[in-house]
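Shown next, in structure tokens, is the structure this report addresses.
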Amino acid sequence: MVTETRQGRLAGKTAVITGAAGGIGLETTVLFAKEGASVLMADISEPALERALAKVKELVPNHPRLETIKCDVSKESDVQAAIESQDKHGGIDIIFNNAGIMHAKDDDAINTPEDIWDLTHKINVKGVWYGSKHAVLSMRRNKKTKGSVINVASFVALMGAATPQLAYTASKGAVLAMTRELAIVHARENIRFNSLCPGPLNTPLLQDWLGDDLHKRHRREVHFPMGRFGEAIEQAQAVLFLASDESSFVNATEFVVDGGLSKAYVTSE
Ligand code: NAD
């Protein structure tokens, strides 16, 4: 019998990706699978998960194990069940806490409805907490000697947004602060925690929010040093590095992938 040894930068690792059915999460799933990781794709939308799974299988015909699970990251029991489901495979090595929302009614201090504030924080902050908590428990239970947790913040956690989205900005600031502390607390267990800070992207989260509001769009676009939105795959490449052993001494960083935006003075009208 011929036994195949898988190659790749994540060969032999098991990863959970939340929000895996779209945008950054889907591109990261494809890349992880190409690099030899088994992936549990977790998302709130079952139909979107089905479509995403078919796409990954098409793009990576020689894929390692791929599973999907319906999971609302704002519910701890869902996150726990997703992560514990991987115990039968020896537990997880990587979690990419990526699921997040920016609600259409998110606005400034005066106009953001309280229920929108609470919903945003339940998904964007508590979802990351639950994912981090159950990843640590899983890695301990399965005696992992190296683990990588990547939590998605945003460049707006480092600077203010050009148009108000206060609940979102505050939630991403919380992700940065939480991840920094988790990184230090768990460093001696060799579980690394890093935040990813994407710039504005060509994904439904932002493009649907901007819609055909040209003023809102222009208020963003004047800030882009590279003159364009980022692509989800450009985030996925950074996540791959943070997930892999290549980043074994990278811990507690705010890993910024924004085309230089957060370092820029407005460059043009
Ligand atoms: P997206 O909207 O394209 O995809 C998000 C995915 O998360 C979707 O598949 C959606 O079904 C899923 N999801 C939503 N709520 C969920 C929940 N409660 N539980 C589980 N899954 C849920 O978004 P994206 O642009 O790929 O963004 C991914 C992450 O990157 C988010 O945390 C977002 O805040 C962050 N981010 C995005 C941008 C940007 O410009 N798009 C910039 C900075 C940071």
Neighbourhood charge, 13 Å Cβ-Cβ cut-off, centred on residue 246 and excluding it, Lys, Arg +1 and Asp, Glu -1: +2
How far, in degrees from 0 to 90, does helix 23-34 lean away from the longest principal axis of the Cα atoms of the chain, to the nearest 10? 30 degrees
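Find the accessible area per residue for the chain; the probe is 1.4 Å, ligands and nucleic acids are left out, and the unit is Å².
Working: 12680 Å² over 269 residues.
Each residue of the chain exposes 47 Å² on average to a 1.4 Å probe.
Magnitude of the Cβ-charge dipole of segment 61-175, K/R +1 and D/E -1, about the Cα centre, nearest 20 debye?
Working: 14 positive and 13 negative charges, 157 e Å.
About 760 debye.
Whenever you get a sec, compute what percent of the accessible area on segment 1-78 sits on carbon and sulfur atoms (1.4 Å probe).
On the way: 1880 of 3780 Å².
Carbon and sulfur atoms account for 50 percent of the accessible area of segment 1-78.
Of the accessible area of segment 165-227, with the probe set at 1.4 angstrom, what percent is carbon plus sulfur? Could the numbers behind the result be given before it?
Working: 1660 of 2960 Å².
Answer for segment 165-227: carbon and sulfur cover 56 percent of the accessible area.
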Connecting C-alpha atoms closer than 10 Å in a GNM of the chain, tell me which of 208, 93, 245 has the biggest fluctuation. 208
Taking the Cα centroid of segment 1-67 and of segment 99-127, what is the distance between the two, rounded to the nearest whole Å? 29 Å
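Within the set of other residues whose C-beta is less than 12 Å from the C-beta of residue 81, count the net charge using Lys and Arg as +1 and Asp and Glu as -1.
On the way: positive: 70, 75; negative: 72, 76, 78, 84, 87.
Its environment carries a net charge of -3.
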Among 233, 24, 191, the residue with the largest mean-square fluctuation in a Gaussian network model of the chain built from Cα contacts under 10 Å is 233
Less than 16 Å apart at the alpha-carbon level, and either on another chain or at least 8 residues along: which aspartates and glutamates does that give for residue 216? 106, 107, 108, 208, 269
Residue 181-residue 219 FRET efficiency (beta carbon distance; Förster radius 30 Å; 0.05 resolution): 0.35
Please compute the length gained on full extension between residue 45 and residue 241, using 0.36 nm multiplied by the number of residues separating them and subtracting their Cα-Cα distance. 67.8 nm
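The values are calculated or read from the model by the stated rules, or taken from the named source; none is laboratory data. None of these values were measured; they are calculated from a predicted model. Don't worry about glycine lacking a Cβ; one is built from the backbone with ideal geometry, like all the others, and counts go over all protein chains shown. SASA here: full protein model, heavy atoms, side chains in, ligands and nucleic acids out. Shrake-Rupley method; radii C 1.70, N 1.55, O 1.52, S 1.80 Å.
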